[in-house]
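Below: the structure, in structure tokens.
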Amino acid sequence: MLALTMDACTSRQVTLSGGGSGAVTSRDSLQLTAHTSITDDRAVVRVVARNASGRDIHLEWGACPLNFQLYQLAAREGRPSFDWNVRRNSESPGEPVEACPAYLAKMTLAPGDSIGPNEFTLGIPLRRLGTDSLARGAYFVTARLRLGAHDLVGISIPAGAVEAH
């Protein structure tokens, strides 16, 4: 369990605990596994892609293809309680702006092979989660991975659950 002070305007202290994993398989037999963990100062989500088909799968992704969302319902539907893409560059005193450079990475994944490039890992400072004033309770983590130059929505992957105390 980790303590997280919200912001200077509130005295509420939040403890965030939990984590876990989940997986989905896309139409082309790409297995995506997401794992969430809580470290000393970050919520970290990692995605690994595995080719479960009998043929090569061509993958493309750019900078910042991974998003971290928290939902109050296990179905992970509706508007998330926390959405990193909304918070990523919101004004937070003392926080650097995160840049997503324009590039496109390409790879052909052979049958049975797996990848988990750096772009498929996202670490969010816990203090940035606190500024959204999350209510106490359980939250279900979703990792949303955008693959392909034109993928604006991404693939939702269940990535465990966390508890805000």
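Throughout, read-outs are computed from the coordinates displayed, never taken from laboratory work. Here the structure is a predicted model, which is why all the values come from computation and not from measurement. When we count neighbours, we look across all protein chains shown, and the Cβ atoms used for this are built from the backbone with ideal geometry, even at glycine.
In debye, nearest 20: dipole of the stretch 14-127 around its Cα centre with unit charges on the Cβ of K, R (+) and D, E (-)?
Details: 11 positive and 12 negative charges, 48 e Å.
Computed charge dipole of the stretch 14-127: roughly 240 debye.
Local charge sum around Gly123 (other residues, Cβ-Cβ under 10 Å, Lys/Arg +1, Asp/Glu -1)?
On the way: positive: Arg42, Arg46; negative: Asp41.
Here the charged neighbours net out to +1.
Just to confirm a number: summing +1 for Lys and Arg and -1 for Asp and Glu over residues other than Glu60 whose beta-carbon lies under 9 angstrom from that of Glu60, what do you get?
Numbers: positive: Lys106; negative: Asp151.
Surrounding charge for Glu60 is 0.
What is the sum of charges around Gly154, taking Lys and Arg as +1, Asp and Glu as -1, for the other residues whose C-beta is under 9 Å from the C-beta of Gly154? Kindly include the intermediate steps, with their values, before the conclusion.
Details: positive: Arg144, Arg146; negative: Asp151.
Here the charged neighbours net out to +1.
Let's test the formula: R0 of 45 Å, r as the Cβ-Cβ distance of Leu104 and Asp41. What FRET efficiency results, to the nearest 0.05?
On the way: r = 31 Å, r/R0 = 0.70.
For R0 = 45 Å, the calculated efficiency reads 0.90.
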